[in-house]
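Have a look at the structure below, then the notes.
The values are calculated or read from the model by the stated rules, or taken from the named source; none is laboratory data. All values reported here derive from a predicted model rather than from experimental measurement. Here the Cβ positions follow ideal geometry from the backbone for every residue, glycine too, while neighbour counts run over all protein chains shown.
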Amino acid sequence: MSRQVEERKSAASIWQGGIILGALAALCTALVATTHHYAEPLIKANEQAFLEESLKPVLGGIKYQNEIKKSMLTLPLPHGLPGNEPAVIYRIYADGVPAAALFVVSAPDGFAGPIKILIGVRMDGSITTVRILQHHETPGLGDGIDASKSDWQLQFDNASLTAPDRKSWSIRRDGGVFDQLTGASITPRAIIRAIKETLEYFEANTKEIFAAAPSGPS
């Protein structure tokens, strides 16, 4: 008889423990949901501020009024831009008029893999500036594309498909006008090709880019 009583007490204890754990889990979930509800506006505001601060250096001093994140386009494959992944475009407006587009694309044929690039393009087709966002190039060689390693990227500032002309969009070794990196030619070739293809895409699709509805987070 005492054994049955003990078993009943043990079962009751297990049930009580389960109820307490369930109540604690529900309370924690409610606290997390409440915290997220009140923190979400601040998180979004911080994300927007970080995004705009990150993109400002690529704008080349262009004054703008729109919230950059709300003008984002995400283009699924196939999209016609360089890279084997979705491309992102941020439309920049000044006084309600298109002023520039920022492209996040990928050069798929880097020496050590894809190279993610941020390219700013004015409405006249000239480049504001270029920034390398991500790469895996060899230290001491291909990693010279990184702004923290050299000023190699700066040679693209204000360049366009007419200055230099299209045929000159290659490294000097290949008859073009752009510098390569000491001991590395595959990496700069890949980046120059990606930049040129981006400019050609912008040239052919400017109206469509600014007419499309945003597809990024609001």
### Query
If you go through the range 118-132, how many residues are in contact with a Gly (Cβ under 9 Å, 6 or more places away or on another chain) and among the β-branched types (Val, Ile, Thr)?
4
### Query
Taking the condition in a loop (DSSP other than H, G, I, E, B), at positive phi and either among the β-branched types (Val, Ile, Thr) or in contact with a helix residue (DSSP H, G or I) (Cβ under 9 Å, 6 or more places away or on another chain) (or both), does Gly83 pass?
yes
### the range 148-183, residues that are part of a helix (DSSP H, G or I) and free of Cβ contacts under 8 Å to residues at least 24 places away in the same chain
Lys167, Ser168, Arg172, Arg173, Asp174
### Summary
Residue hits (the range 54-80; assigned to a helix (DSSP H, G or I) and either touching a strand residue (DSSP E or B) at 6+ places or on another chain (Cβ under 9 Å) or surrounded by 15 or more Cβ atoms within 10 Å (Cβ to Cβ) (or both)) are Ser54, Leu55, Pro57, Val58, Ile68, Lys69, Ser71
### Message
Taking the conditions exactly as written (farther than 19 Å from Gly80 by Cα and touching a strand residue (DSSP E or B) at 6+ places or on another chain (Cβ under 8 Å)), does Leu181 satisfy them or not?
### Response
no
### Task
Return yes when Gly125 is of a type in the set (Gly, Ala, Ser), modelled with pLDDT of 95 or more and either touching a Lys or Arg at 6+ places or on another chain (Cβ under 6 Å) or part of a loop (DSSP other than H, G, I, E, B) (or both) and no when it is not.
yes
### Query
Among Ile115, Ile192, which is assigned by TED's automatic domain parsing to the domain that holds Asn66, surrounded by 17 or more Cβ atoms within 10 Å (Cβ to Cβ), of a type in the set (Val, Ile, Thr) and modelled with pLDDT under 95?
Ile115
#### Entry: Of the criteria (1) assigned to a strand (DSSP E or B); (2) buried (at least 16 other Cβ atoms within 10 Å of the Cβ); (3) not β-branched (Val, Ile, Thr), which one Leu133 fails
(2)
